[in-house]
Amino acid sequence: MARPKKQGLDYFPIDVDIFEDLEVEYAKFGADGFTIYMYLLTRVYKRGYYLEVDEDFLLVMAARLRMSEQKVMQVLNYLLKRSLFDNTLFQSVKVLTSAGIQERFQLAVKTRALKNPIQVREDLWLLKKEETEPFIKVNPFLNKSKNNESFSENNFDNSEKNAIKESKVNKSKKNKMIGAELQSSPCPDTVYE
């Protein structure tokens, strides 16, 4: 059985001068702001190059980070305002990504994508055609439905069950063949001279 295609990243690079970057100054939010930003980046890169955010996600995030929902929302709004995430895309479809995130994603997947190009959603891809690497295939028809994803998982489960059924059938056929051979062969107690 083929290995499932990897979607996201196991790690991502962070600039060593991240604390000197004026865009990332969190004087208003301190360590909490940085923690929220890093948490969001890890979720984005684990998924790939974007993250769908809903109210439940923000509640879980606040609970995991042991912060108030208000603080999480304040920092998120600040990050959107400072363009660390694309505000237009977030306001329209509640997705967190940015051109910088997508550029780093391209670099990170380059080796594996040379063999198998990475399909990305056209409606969420922010980079221009000339900025997009050739191994990234922007697909306007990429399935956006979560229902079909679970449907394919169900098919995977069924194929596993079918493989088990086939192996049971093969075993029973082998047992019948062995039984037939035993009946046609001489008794093992018989000694021939």
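The values are calculated or read from the model by the stated rules, or taken from the named source; none is laboratory data. Computed from a predicted structure; not experimentally measured. For neighbour counting, all protein chains shown are included, and Cβ atoms are generated from backbone atoms with ideal geometry for every residue, glycine included. Side chains included, ligands, DNA and RNA excluded: accessible areas come from the protein's heavy atoms. Shrake-Rupley method; radii C 1.70, N 1.55, O 1.52, S 1.80 Å.
For the reader, a short list of remarks on this structure follows.
- Ranking 64, 82 by solvent-accessible area of protein heavy atoms (1.4 Å probe, all protein chains present), from largest to smallest, gives 64, 82.
- Segment 6-20 - phi-based ³J(HN,Hα) in whole Hz, Karplus 6.51/-1.76/1.60, Gly and Pro as x: 6, 8, x, 10, 8, 8, 9, x, 10, 5, 5, 9, 4, 7, 8
- For segment 82-98, putting each phi into the Karplus relation 6.51 cos²θ - 1.76 cosθ + 1.60 with θ = phi - 60° gives couplings of 7, 6, 6, 10, 6, 5, 4, 5, 5, 5, 7, 10, 6, 10, 9, 6, 7 Hz, in residue order, rounded to whole numbers and with x for Gly and Pro.
- Neighbour net charge for residue 129 - beta-carbon separation under 12 angstrom, K R +1, D E -1: -2
- Interchain or long-range residues, amide H under 5 Å from residue 123's placed H: none
- Cross-link pairs beyond the 32 Å C-alpha cut-off, checked among 71/137; 81/128; 6/128; 81/137: 71/137
- Averaging the sequence gap over all C-alpha pairs within less than 8 Å and six or more residues apart, then dividing by the number of residues, gives segment 11-95 a relative contact order of 29 percent.
- Percent RCO, i.e. relative contact order, over segment 53-138, from Cα pairs under 8 Å lying at least 6 residues apart: 21
- Förster-model FRET efficiency, 22 Å R0, residue 68 and residue 43, C-beta, rounded to 0.05: 0.70
- Point-charge dipole on Cβ atoms (K/R +1, D/E -1) for segment 80-124, about Cα centre, debye to 20: 200
- For segment 105-118, Karplus couplings with θ = phi - 60° (6.51, -1.76, 1.60), whole Hz, Gly/Pro x: 4, 4, 5, 5, 9, 3, 4, 6, 6, 5, 7, 10, x, 8
- Neighbours of residue 96, meaning other residues whose beta-carbon lies under 9 angstrom from its beta-carbon, give a summed charge of 0 when Lys and Arg score +1 and Asp and Glu score -1.
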